[in-house]
Amino acid sequence: MEPVAECLACDLLSGVRPLPGGRLAEWSGWVVEHSVGPLGLGTLVVKPVRHVVHVAELNDVESAALGPLLQRVAAAVTKAVQPEQVYVCLWSHANAVPGHLHFVVQPAVKADMARFDAFGPALQMAMFREGAVPDETEVEAVCRRLRAVLSCSLDEA
Ligand SMILES: [Zn+2]
């Protein structure tokens, strides 16, 4: 499928925009990347290669892969970051317009919970308000660990 103009997810897939850490995995119509947003180090994005904006429009192959993939990505984040909890959420609604689906797989770590005195959606909102994007060198380093864990786990699938 052709990339869609003015879609950040498509731009990161096609390489039009730089992606710190690079592509971490590709599996059954899905790709895994480190988030370019302010949700902290080790926060990954799981998105379809196709420009799909509604979960209801996923095809059979994408749907069948989704559960196992999210579980494996969450397990990789757990192993690499050792967080208190791993949030898995999907909003994909930018400026009230449905956008390219991207599940966010976010390690919730004690340091962020303490710094913002928040957890869950309130923690995410506080992190967005602050808008601090993780250091690129640190992203590259955590991605090296995550890529190794993910490739083992997806090869076994
Ligand atoms: Zn797109």
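The values are calculated or read from the model by the stated rules, or taken from the named source; none is laboratory data. On a predicted model such as this, the values are computed, not experimentally measured, just so you know. When we count neighbours, we look across all protein chains shown, and the Cβ atoms used for this are built from the backbone with ideal geometry, even at glycine.
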Item to complete: Determine which single condition residue 109 fails, assuming it passes every other condition in (1) within 27 Å of residue 49 (Cβ to Cβ); (2) in contact with a helix residue (DSSP H, G or I) (Cβ under 8 Å, 6 or more places away or on another chain).
Response: (1)
Discussion item. Can you tell me how many residues within the range 87-130 are within 16 Å of the ligand (Cβ to nearest atom), under 16 Å from the mean Cα position of the chain (by Cα) and touching a residue at least 40 places away in the same chain (Cβ under 8 Å)?
Written reply: 6
Worksheet item: Here is a list of conditions, (1) within 16 Å of the ligand (Cβ to nearest atom); (2) under 25 Å from residue 124 (Cα atoms); (3) outside any strand (DSSP E or B), and residue 71 meets all of them except one; can you say which number that is?
Response: (1)
Fill in: Among residues of the range 87-116, those that are modelled with pLDDT of 95 or more, surrounded by fewer than 17 Cβ atoms within 10 Å (Cβ to Cβ) and assigned to a strand (DSSP E or B), counted
3
Practice prompt. Taking only the range 131-143 into account, find how many residues are within 15 Å of the chain's Cα centre (by Cα) and either polar (S, T, N, Q) or over 16 Å from residue 106 (Cα atoms) (or both).
Written response: 1
Worksheet item: Hey, any hits in the range 41-57 for a residue that's more than 16 Å from the ligand (Cβ to nearest atom), among the aliphatic types (A, V, I, L, M) and not in a helix (DSSP H, G or I)?
Response: yes
Worksheet entry | Subset of the range 145-157 [touching a residue at least 24 places away in the same chain (Cβ under 8 Å) and not hydrophobic (A, V, I, L, M, F, W, C)] | 145, 147, 151, 153
Fill in: Candidate set from the range 13-35 (those that are crowded, with 21+ Cβ neighbours inside 10 Å and under 30 Å from residue 115 (Cα atoms)); member that is nearest to the ligand (Cβ to nearest atom)
33
